[in-house]
Amino acid sequence: MKFAYRAFDLSGREKRDVVEAATLGEAEEIIRKGGLFIAEIAARGAADTDAGAPEAVAGSGGRRFTLGGRGKTARLRDVSTFLRQLSVLVATGTPMVDAVTALERQLSEGEWKNVVGDVRKAIEEGRQLSEAMVRHPRYFDPVCRSLVAAGESGGQLDAMLRRLSMLVRQSLKIRSNLIGAMVYPTLLILVSIGVMGAMFGFVLPRFEGLFKTLETPLPPTTKLMMAISAVARAYWWAILGGLIAFVGGAKFYLATPAGRRWAHATVLRLPQVGRVLRALATARIARVMGVLLEGKVPMLETLQLTREATGNLCYRDLIADAEDRVVRGENISSAFASSRLVPQSVTEAVRSGEKTGQLAAVLTSIADYLDEDNEVIIRSLTSIVEPLILLTLGVVVGFVAISMFLPLFDLTSSTGPQGAGGGG
């Protein structure tokens, strides 16, 4: 009998294949002996030959669990709470199975409870916590798993869980600050688009009929507004289609390696915004490296994990260059010094930490300083952007309003003296 499965190896890479066995239990045993952790497994018909995703999932004792459906912010919040509570329980001497079971009981039904339940079941089967986490890479990334494994091997799991919880909480805080800073400006932009759409689609056509009735000459600005309104109403389908095609094309291009690299390099060069993004990326790299080095993770593995945890491709190239230099016997600071992505002050601090043997502490201090500075900068930029959007909206709406009422003012001024003379 054939069983299609989806599993993960120790590095977190996904594997899909088909295994032949007499029973489901025997199939699971064969897969596990190959060093894989089962995510999904189901029996397939004899006619099926490909290794597609199973339709019915019976992995880990018949429990179905999915890896999609929740946003990154929600996942970070769940993982942060889980790690913080687990560190407390482990520090008090609670056995790992009991600790994870207690945390599972607190959760409401859903994807996250299924994930924790699967981790608990893997631990009951004799696996380490880091091995159980491999099956859920969307929740537990390589940095998380490596720190947990280092804590397990060094007998300091509670300390590692605390460090990891702080790392996740800081990532969640930065993400929340960025989202919070973008909400109000985004809302203002949407309101501006709605106001302009209503004016060109509904208000201006009514004025157009009024002007035709009065047969009054129109100023150039009024004619321009009327022409824009007429084009928008006559060819709205073409404009909408063009926007959809543009967005679709941009999304397709940005999904390609060349498009991603262009986008990542472009945002880093934007005025003000690029400076903030570079500072955020540098702080993220410094914090991840600092936590990994404090956890006694080897330097090359630290750089590899930091590269995987870095989203921007430009910074990934920078960390890859640092890996090559370390292999050749050079320092990390030499790679930072040759790049414009890292501030000179950070490079000097890293060089000092390498000389004194306190690189982990220096990197953590750098991350704390940069995060505090970034928080202030984000608030300042938000306080500047919001009035600029309001001012721009007011100028545009005022220009349109004046363009519409100017012919009425001209008509009033031209008919006023005649009306006064006729009364005499």
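Quick note: the coordinates plus some simple rules give every number you see, no bench work behind them. Nothing here was measured: the structure is a model prediction, and the numbers come from that model. Every residue, glycine among them, receives a Cβ derived from its backbone with ideal geometry; neighbour counts consider all protein chains shown.
Can you give me the C-alpha center-to-center distance between region 306-327 and region 230-304, rounded to a whole angstrom? Measuring centre to centre over Cα atoms gives 16 Å.
Relative to the longest principal axis of the Cα atoms of the chain, helix 72-91 runs at roughly 30 degrees.
A viscosity of 1.002 mPa s and a temperature of 20 °C, combined with the Kirkwood radius over Cα pairs in Stokes-Einstein, give a translational diffusion coefficient for region 268-384 of 149 µm²/s. Radius of gyration over Kirkwood radius for region 184-406, both on Cα atoms: the Rg/Rh ratio is 1.20.
Computed as a quarter of the hull surface, the mean projected area of the alpha carbon convex hull for region 72-169 stands at 5.4 nm². Here region 184-406 is assigned +1 on the Cβ of each Lys and Arg and -1 on the Cβ of each Asp and Glu. Its dipole about the Cα centre then comes out at about 640 debye. About the centre of its Cα atoms, region 72-169 shows a dipole size close to 400 debye [charges on the beta carbon of Lys, Arg (+1) and Asp, Glu (-1) only; nearest 20 debye].
Residue ranges 299-309, 337-347 sort as 299-309, 337-347 when ordered by packing (mean number of other C-beta atoms within 10 Å per residue, highest first).
Measuring max minus min along each principal axis, the C-alpha atoms of the chain give extents of 107, 64, 41 Å (largest first).
Measuring nothing but how far apart in sequence close Cα pairs (under 8 Å, 6+ apart) lie, relative to its length, the chain scores a relative contact order of 13 percent.
What do you get for Rg/Rh over region 243-319 if you use C-alpha atoms and the Kirkwood form of Rh? Value, to two decimals: 1.10.
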